[in-house]
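> One structure, as structure tokens, below. Some questions next.
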Amino acid sequence: MTTKSAPPLMEVRGITKSFAGVQVLHHVTLDIQAGEVLGILGENGAGKSTLLKILSGIYQKTDGQILIEGEEVDLKSSAAAKALGIAMIPQEFNLISTLNVFENIFLGNEQKKYRLLDKKAMRKKTRELLQDLETEIDPNALIESLSVAQKQMVEIAKALVRDSRILIMDEPTTVLTSHEVKVLFKLVNKLRARGVTVIFISHKLKEVKQLCDRLAILRDGYLISLEPVTNLDEADMARKMVGRELNQIYPAKSTPSADVIFSVSDLSVKGVVSSVSFDLHAGEVLGFAGLIGAGRTEMAEAIMGLRQRASGVFRIKGQPATLRTPREAVERGLAYLSEDRQGKGLIMNFDIPQNITLISLRKYIRGLISRKQEIRQANDYRQRFDIKAATLQTHLINLSGGNQQKVYLAKWMDTEPEILILDEPTRGIDVNTKKEIYHFIQSLTEQGLAVIVISSEMEEIIGLSNRVIVMRSGSVMGTLEGDDINEEEIMYYAAGLKKSVA
Amino acid sequence: MNTRIDSISNSLPGLLKSRLAGVDLATYAPLIALVVLVVISAIASEHFLIPRNLTNVLRQVSYTGIIALGMTFVIIAGGIDLSVGSMVALVGVLTVMLINWLGDGWLSIFLAIGAAVLLGAFFGAINGLMITRGRIAAFIATLATMSIFRSLTLYISDAGEVVSQNQLYPEVGGGYLLSIPYPVWVFLLLAAAFHILLRHTAFGRYVCAVGSNAKVASYSAIKVRWIYFSTFVIGGATVGIAAVMLSSRLNSVSPGDAGMFYELDAIAAVVIGGTALSGGKGTVWGTVIGAIILGIINNMLNLMGVSPYLQGTVKGLVIIIAVLMQFKSNK
């Protein structure tokens with residue numbers, strides 16, 4: 001076989017990845033050309049992050065080959081990937097907040113003179129690099145004093161100082177304002193002009209269309225298409241990404257009753273939530289949309305008594321409720337599934353029954369805790385939610401994200417709530433589990449429960465909600481009903497272009 | 001109804017499997033170590049298995065062992081208490097002074113024992129308040145009270161030995177029931193009670209939850225600070241009991257060295273017993289075994305004529321080995 005042109009910069013051949021027997025990547029094959037911006041598009045759980053973690057040496061592939069300039073390479077660690085010129089800009093930055101900019105940029109790569117640190121040279125190099133990136137960051141500034149966008153710039157500079165050829169950016173725009181996104185795109189274009197290859201992971205169609213040369217679309221761990229961006233319009237991308245009509249995932253919405261089960265008025269939390277008021281009806285799904293940092297999570301935590309409130313009056317079924325502590329909120333029939341399943345939701349070294357009964361433990365006390373009853377109840381939930389675990393005694397750390405989420409849901413259902421607040425209920429879980437959770441939410445509303453869904457996934461909000469409240473910077477911008485619940489309307493409000501005066 | 005029957009029958013093989021899976025080496029490592037140690041000791045010295053020697057070992061172990069039981073709760077909840085040694089001396093001195101003030105007879109002894117437990121709980125509460133309300137790290141707060149309690153002990157007693165005038169007091173720590181010393185009974189009964197408290201009550205479950213992940217615990221409507229605080233109170237109460245056992249045995253307290261390095265022995269017993277210093281998991285029976293292992297090692301060094309100055313070295317090595325084994329099993 002004779003090839004006229006040089007081999008591509010990087011080639012991925014039949015990459016497969018399984019976690020504990022669950023296959024999350026299926027024979028993905030793609031090539032990456034020198035100096036291009038390759039977009040990788042897919043829904044949450046499509047395998048984007050797994051793929052890029054394999055490319056940057058954080059995960060090990062189960063099967064397949066990776067070639068750089070025609071030579072097979074073994075990316076056995078992130079250090080090995082770095083040595084080959086592959087750098088990743090993670091979503092959560094790996095910067096040390098108590099060190100300053102140049103110290104972070106040269107961390108582990110320090111320049112020395114007579115065995116001592118050559119701070120002068122490092123400062124100079126940092127200044128040049130940052131100027132080159134057209135950012136005005138002081139090399140001596142502490143990382144903790146920087147904005148999120150500035151931290152991202154520092155991460156990029158850190159990658160460039162090591163002469164990286166391939167820069168992987170994992171959803172870099174989710175944490176940026178629209179102005180910062182523009183700056184980032186300018187920068188990516190500059191990098192491309194310098195011959196740096198950029199792999200750009202995103203689930204935002206517009207961005208990808210605007211920035212990338214070619215586009216790889218992943219769905220459920222399969223590579224669905226790989227072609228120049230000019231061949232695709234946004235509708236094509238969406239179809240390939242989702243792969244099914246929306247109504248297949250989302251159940252029919254039930255009709256809420258006119259009874260107000262929970263009302264919040266003038267809820268404020270210093271600095272993050274200002275004077276939020278809303279009514280929640282029995283059998284209703286009320287969506288809370290907004291950008292990251294809109295104050296939705298803080299609002300939910302304030303309702304549950306987990307945050308100090310500056311103001312706020314609550315009524316549950318017409319009766320005033322003080323909701324001073326989480327315990328009181330639970331006793332009044334409220335439940336809150338945090339977005340941070342592992343950090344705030346579940347005890348990872350407890351087994352399934354111990355997690356499920358943690359809030360409702362009083363129900364299981366017959367003098368002492370009745371383990372038998374705990375297990376019986378956990379078994380019921382295991383069947384109802386189809387929780388897949390080797391045994392009930394499996395510790396949560398050994399379950400997949402989707403199964404953890406089901407246990408988390410069971411944990412709160414065991415408190416027999418009437419008002420359920422779900423914060424990013426399907427974050428990081430696979431499409432099938434998502435669907436199960438959507439149907440479960442629907443069945444709860446049929447029984448007359450009221451559900452608040454906070455989500456950053458527009459489709460999820462649109463697919464589930466009877467009404468949608470859009471928040472921005474801690475305030476309610478507007479409430480949408482019926483046909484107004486669509487992506488454009490929500491974005492107008494979320495971006496602050498529109499505000500209803502009610 | 002059918003589903004219920006199914007679920008029960010489904011759970012049976014699961015239960016069996018998990019019972020077997022539960023028999024991992026890490027959990028039983030302390031017990032295995034104890035058995036090995038007893039066998040080696042029996043071979044190495046003919047005096048070891050003599051009942052009188054064994055009861056002596058158990059008695060020696062019981063003072064720090066009782067404290068280690070309370071320390072188990074503190075450590076599982078994610079804390080540490082370095083003040084227990086000084087607290088033993090302070091509570092001991094105050095208790096003996098109280099007995100002398102109350103006069104002769106059993107009544108004054110019972111009152112004093114009650115007071116000792118309450119005093120210990122009170123000092124533990126001071127630690128707990130500083131840590132939960134003042135948000136001082138447990139290590140620092142109890143390091144400070146370690147110094148304060150010792151200094152107060154010396155001040156109150158004018159650095160002189162405090163001797164009990166009550167003739168009956170030595171019987172508390174020196175008496176036997178079924179030829180086993182009272183302190184050993186107290187240690188074992190308290191261990192049984194604490195095992196139930198940790199394994200089978202909501203409080204114990206909450207202690208583990210708080211130590212595993214305090215944030216998750218607070219989001220699960222658990223009163224995290226109250227639970228954490230309570231572990232220090234429990235720790236203090238066990239110090240009160242230990243102070244009674246120790247001072248009644250000797251019928252006196254010497255303020256300068258009573259309880260010296262007890263914090264080390266108690267923490268060592270907890271760690272050797274398999275409780276994670278990072279909190280979140282541990283067992284009471286592990287602590288009992290840990291305390292006994294330490295006691296046997298001391299005893300053997302004595303029986304074999306090893307210099308007492310070297311005992312600290314051996315103890316230190318055992319702690320290091322125990323932690324290394326934990327670290328390996330966690331990986």
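> Tell me, please, whether a residue that is within 22 Å of B:T287 (Cα to Cα), open to solvent by 10 Å² or more (accessible area, probe 1.4 Å) and more than 18 Å from the chain's Cα centre (by Cα) can be found in region B:164-182.
Yes: region B:164-182 contains one or more residues that are within 22 Å of B:T287 (Cα to Cα), open to solvent by 10 Å² or more (accessible area, probe 1.4 Å) and more than 18 Å from the chain's Cα centre (by Cα).
> Let me ask another. Can B:L197 be described as surrounded by fewer than 16 Cβ atoms within 10 Å (Cβ to Cβ) and either more than 10 Å from every other protein chain (Cβ to nearest Cβ) or within 30 Å of B:A112 (Cα to Cα) (or both)?
It is false that B:L197 is surrounded by fewer than 16 Cβ atoms within 10 Å (Cβ to Cβ) and either more than 10 Å from every other protein chain (Cβ to nearest Cβ) or within 30 Å of B:A112 (Cα to Cα) (or both).
> Return the only residue of B:V288, B:V244 being at pLDDT 90 or above and in contact with a Leu (Cβ under 9 Å, 6 or more places away or on another chain).
From the options B:V288, B:V244, the qualifying one is B:V288.
> Please go through region A:289-308 and pick out each residue that is part of a loop (DSSP other than H, G, I, E, B) and within 26 Å of A:E487 (Cα to Cα).
A:L291, A:I292, A:G293, A:A294, A:G295
> Exactly one condition in (1) surrounded by fewer than 16 Cβ atoms within 10 Å (Cβ to Cβ); (2) more than 17 Å from A:T16 (Cβ to Cβ) is not met by A:L95; state its number.
All conditions pass for A:L95, except number (1).
> Then there's this: Looking at A:G496, A:G478, can you tell me which residue is touching a residue at least 24 places away in the same chain (Cβ under 8 Å) and part of a loop (DSSP other than H, G, I, E, B)?
A:G496
> Filtering region A:386-400 down to residues that are polar (S, T, N, Q) and more than 7 Å from chain B (Cβ to nearest Cβ), which residue is surrounded by the fewest Cβ atoms within 10 Å (Cβ to Cβ)?
A:N398
One line per residue, one yes/no per condition, for (1) buried (at least 18 other Cβ atoms within 10 Å of the Cβ); (2) of a type in the set (S, T, N, Q); (3) more than 13 Å from the chain's Cα centre (by Cα):
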| residue | (1), (2), (3) |
| --- | --- |
| B:G236 | yes, no, no |
| B:A243 | yes, no, no |
| B:G256 | no, no, yes |
| B:A268 | yes, no, no |
| B:V271 | yes, no, no |
| B:K281 | no, no, yes |
| B:S307 | no, yes, yes |
| B:G312 | no, no, yes |
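> Also, quick follow-up: For region A:271-288, enumerate the residues that are open to solvent by 10 Å² or more (accessible area, probe 1.4 Å), outside any strand (DSSP E or B) and more than 25 Å from A:A149 (Cβ to Cβ).
A:A282
> Could you tell me which of the residues A:E328, A:E339, A:E301 is acidic (D, E), more than 8 Å from chain B (Cβ to nearest Cβ), open to solvent by 10 Å² or more (accessible area, probe 1.4 Å) and in contact (Cβ under 8 Å) with a residue 24 or more places away in the chain?
Of the residues listed, the single one that is acidic (D, E), more than 8 Å from chain B (Cβ to nearest Cβ), open to solvent by 10 Å² or more (accessible area, probe 1.4 Å) and in contact (Cβ under 8 Å) with a residue 24 or more places away in the chain is A:E339.
> Which residues, taken from region A:200-244, are small (G, A, S) and surrounded by fewer than 20 Cβ atoms within 10 Å (Cβ to Cβ)?
Scanning region A:200-244 gives A:S225, A:A235, A:A238, A:G243.
> Across region A:351-385, which residue is surrounded by the fewest Cβ atoms within 10 Å (Cβ to Cβ) among those that are hydrophobic (A, V, I, L, M, F, W, C) and either within 24 Å of the chain's Cα centre (by Cα) or more than 7 Å from chain B (Cβ to nearest Cβ) (or both)?
A:F385
> Suppose we filter region B:83-137 for residues that are open to solvent by 10 Å² or more (accessible area, probe 1.4 Å) and among the small types (G, A, S); how many remain?
8
> Hey, another quick one. Residue by residue through region A:410-432, note down the ones that are in a helix (DSSP H, G or I) and open to solvent by 10 Å² or more (accessible area, probe 1.4 Å).
A:M413, A:V431, A:N432
> Moving on. Hey, can you tell me all the residues within region B:245-254 that are open to solvent by 10 Å² or more (accessible area, probe 1.4 Å) and in contact with a Phe, Trp or Tyr (Cβ under 9 Å, 6 or more places away or on another chain)?
Within region B:245-254, B:M245, B:L246, B:R249, B:N251 qualify.
> Report whether or not A:I261 is touching a Lys or Arg at 6+ places or on another chain (Cβ under 7 Å), more than 14 Å from chain B (Cβ to nearest Cβ) and open to solvent by 10 Å² or more (accessible area, probe 1.4 Å).
Yes; evaluated as a whole, the condition is true for this residue.
> How many residues are without any contact (Cβ under 8 Å) to a residue 24 or more places away in the chain and more than 14 Å from chain B (Cβ to nearest Cβ) when one looks only at region A:308-325?
Residues in region A:308-325 being without any contact (Cβ under 8 Å) to a residue 24 or more places away in the chain and more than 14 Å from chain B (Cβ to nearest Cβ): 4 in total.
> Of the conditions (1) more than 15 Å from B:G79 (Cα to Cα); (2) within 14 Å of chain A (Cβ to nearest Cβ); (3) modelled with pLDDT under 95, B:N213 satisfies every one except a single condition; which number is it?
(1)
> Same structure again: Looking only at residues that are within 14 Å of chain A (Cβ to nearest Cβ) and of a type in the set (S, T, N, Q) in region B:216-234, which one is most open to solvent (accessible area, probe 1.4 Å)?
Here the answer is B:S218.
> Hey, another quick one. Looking at (1) more than 22 Å from A:E11 (Cβ to Cβ); (2) surrounded by 21 or more Cβ atoms within 10 Å (Cβ to Cβ), which one does A:R127 not meet, given that it meets all the others?
Unmet for A:R127, out of (1) more than 22 Å from A:E11 (Cβ to Cβ); (2) surrounded by 21 or more Cβ atoms within 10 Å (Cβ to Cβ): (2).
The values are calculated or read from the model by the stated rules, or taken from the named source; none is laboratory data. Predicted model, so just to flag it, every value in this text is computed and none were measured. Here Cβ is always computed from backbone atoms with ideal geometry, including for glycine, and neighbour counts include all displayed protein chains. We work out accessible area using only protein heavy atoms, side chains counted, and drop any ligands, DNA or RNA first. Shrake-Rupley method; radii C 1.70, N 1.55, O 1.52, S 1.80 Å.
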